[in-house]
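Shown next, in structure tokens, is the structure this report addresses.
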Amino acid sequence: MRDAVRGLPRQLEEGLELAVEPPVSRGAIDSLIVVGMGGSAIGADMLVEWLWDRLEVPVAVLRGERLPRWVGEKTLVVAVSYSGNTRETLTAAASAIEGGHPLVAITSDGRLAELCQDAIPLIRVPGGLPPRAALGYLLSTSARLVEELGLADTSRDVLEGARELQEALPGLAQDADRLAEALEGTLPTVYGHPPFTSVARRWAAQLNENAKLMAWWGELPEGSHNQVEGWSGSLEGGPLAAIFLRDPGESPTVARFMDEVTAVVSREAACHTATAVGETRLGRMLTCVALGDLLSLELAERRGMEPLEVPVIEAIKNARG
Ligand code: PA5
């Protein structure tokens with residue numbers, strides 16, 4: 001799994017090469033919806049936050065099987081499932097076909113690949129990884145598709161982000177170690193402010209899946225309107241901890257706000273800060289993702305957990321068919 005984290009920059013570069021002819025011409029869609037679950041959905045969340053001020057049309061992420069009513073003939077549906085066998089994504093993809101919506105699939109194999117046959121454009125990423133370890137492929141293939149559709153230029157950012165991540169990786173292992181030391185024995189909540197709410201979500205998911213640790217995520221500023229109140233009734237000195245993901249590119253207003261929320265929460269729980277590194281927005285998001293991934297692996301090791309296996313998730317998937 002650590003190899004997969006080290007391989008993220010390469011995945012990002014390789015994913016950019018996996019182009020597909022979109023089923024619609026440039027300028028022909030007025031919205032895009034990405035359907036996927038877990039490790040196959042997070043890349044789309046990141047894409048939306050990274051490109052929030054550049055995307056030409058709304059891009060939504062659906063974690064579920066039912067396409068919303070607003071999905072119309074000018075909506076491109078992008079079904080992402082690394083294994084290709086996730087029920088929710090398959091159902092949503094099938095209903096896109098049934099409804100006559102343009103569809104692109106991103107997968108390594110499975111029933112999603114079968115569903116596409118020759119009729120649906122399919123971006124096939126290399127297989128053999130746990131889905132959450134394929135983030136680089138899933139993010140950069142989506143980014144390339146967005147570029148092909150003329151919705152935003154992305155390739156240069158992806159290559160730059162991959163380079164910044166490659167440079168930062170050696171230092172991140174030590175940071176992950178230090179954080180793991182501080183967090184051992186706690187139940188962490190991870191906070192991020194756009195464009196880091198997707199990253200906070202990724203951290204919590206990686207702690208859940210790799211380290212088998214209950215962990216939550218919160219988005220700011222929304223969490224400052226509800227979740228922060230919950231901290232005031234929490235057990236003082238209890239096992240809860242909060243991690244604030246900080247962006248060196250955040251505005252002075254956001255920085256002040258993050259400081260204030262940290263000060264409030266630190267009255268109730270141990271607060272930690274993880275600061276992203278990098279020059280570009282995507283580069284900083286990626287280095288912070290990698291730090292969270294490494295932290296989850298470090299905590300998995302300390303807790304004697306196997307990060308590659310997710311038996312509970314598999315059992316639920318099998319039961320649902
Ligand atoms: O990371 C994981 O293993 C999970 O979160 C999966 O991504 C999730 O269960 C969906 O599976 P898939 O990505 O194969 O569609």
* Structure fact -> In terms of the charge dipole of region 191-241, which places +1 on Lys and Arg and -1 on Asp and Glu at the beta carbon, the residue among N208, P194, A241 farthest towards the positive end is N208
* To do: Provide the FRET efficiency to the nearest 0.05 for the E148-L308 pair, computing r from the beta carbons and using R0 = 41 Å.
  => 0.75
* Asked: Using 0.36 nm per residue, how much length does the chain from L55 to T91 gain when fully extended, once their Cα-Cα distance is taken away?
  -> 10.3 nm
* Could you do me a favour and compute the accessible area per residue for region 42-185, 1.4 Å probe, result in Å²? => 44 Å²
* Step through the residues of region 196-207 one at a time and calculate ³J(HN,Hα) from phi using the Karplus curve (6.51 cos²θ - 1.76 cosθ + 1.60, θ = phi - 60°), rounding each to whole Hz and writing x for Gly and Pro. => 10, 6, 5, 5, 4, 4, 4, 4, 4, 5, 5, 5
* Structure fact -> Taking Cα atoms only, helix 135-148 is inclined relative to the longest principal axis of the chain by an angle, in degrees rounded to 10, of 50 degrees
* To do: Report the one residue of A133, L183, I120 whose Cα lies farthest in the direction of the positive end of the charge dipole of region 103-192 (charges on C-beta: Lys and Arg +1, Asp and Glu -1; origin at the Cα centre).
  => I120
* To do: Restrict the search to region 1-65; then list the trypsin sites (Lys or Arg not before Pro) that DSSP places in a loop and that have at most 11 other Cβ atoms within 10 Å of their Cβ.
  => R26
* Only Lys, Arg (+1) and Asp, Glu (-1) charged, at Cβ; region 167-282 dipole about Cα centre in debye -> 160 debye
* Structure fact -> Quick note, region 222-321: a/c under 1.5 would make it rounded; otherwise a/b > b/c is prolate and the rest oblate (a ≥ b ≥ c, C-alpha gyration tensor); here it is oblate
* Structure fact -> Scoring only Lys, Arg, Asp and Glu (+1, +1, -1, -1) among other residues with Cβ under 12 Å from the Cβ of P126 yields -1
* For the chain, find the longest principal axis of its Cα atoms and tell me its angle to the long axis of helix 281-302, 0 to 90°, nearest 10. => 60 degrees
* Taking the chain as a Gaussian network, Cα atoms linked when under 10 Å apart, which of T89, T287, T75 shows the biggest mean-square fluctuation? -> T75
* What percentage of the solvent-accessible surface of region 136-290, computed with a 1.4 Å probe over protein heavy atoms, is contributed by carbon and sulfur atoms? -> 51 percent
* Positive-end residue, region 221-300 charge dipole about Cα centroid, Cβ charges, pick of A276, T262, G292 -> A276
* Radius of gyration and Dmax for the chain's Cα atoms, expressed in Å? -> 19.3, 59
* Structure fact -> With +1 at each Lys and Arg Cβ and -1 at each Asp and Glu Cβ, the charge dipole magnitude of region 221-321 around its Cα centre, to the nearest 20 debye, comes out at 120 debye
* **Residues in region 106-144 reached by a label modelled at A19 [backbone nitrogen below 20 Å; 7 Å Cα→Cβ]** => 106-107, 120-126, 137-144
* Structure fact -> Ranked by GNM mean-square fluctuation in the chain (Cα springs under 10 Å), the top entry among R202, R303, R156 is R156
* Structure fact -> If every Lys and Arg gets +1 and every Asp and Glu gets -1 at its Cβ, then about the Cα centre the chain yields a dipole, in debye to the nearest 20, of 480 debye
* Label-point separation, L187 to A119 (7 Å along Cα→Cβ), nm -> 4.8 nm
* Report, in deg cm²/dmol and to the nearest 500, the calculated mean residue ellipticity at 222 nm for the chain, where each DSSP H run with n ≥ 4 adds -39500 (n - 2.57) and the sum is divided by the residue count. => -15000 deg cm²/dmol
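The values are calculated or read from the model by the stated rules, or taken from the named source; none is laboratory data. These numbers come from a predicted model, not from an experiment. Cβ atoms come from the backbone with ideal geometry, glycine included; neighbour counts cover every protein chain shown. These area figures cover heavy atoms from the full protein model, side chains too; ligands, DNA and RNA do not enter into them. Shrake-Rupley method; radii C 1.70, N 1.55, O 1.52, S 1.80 Å.
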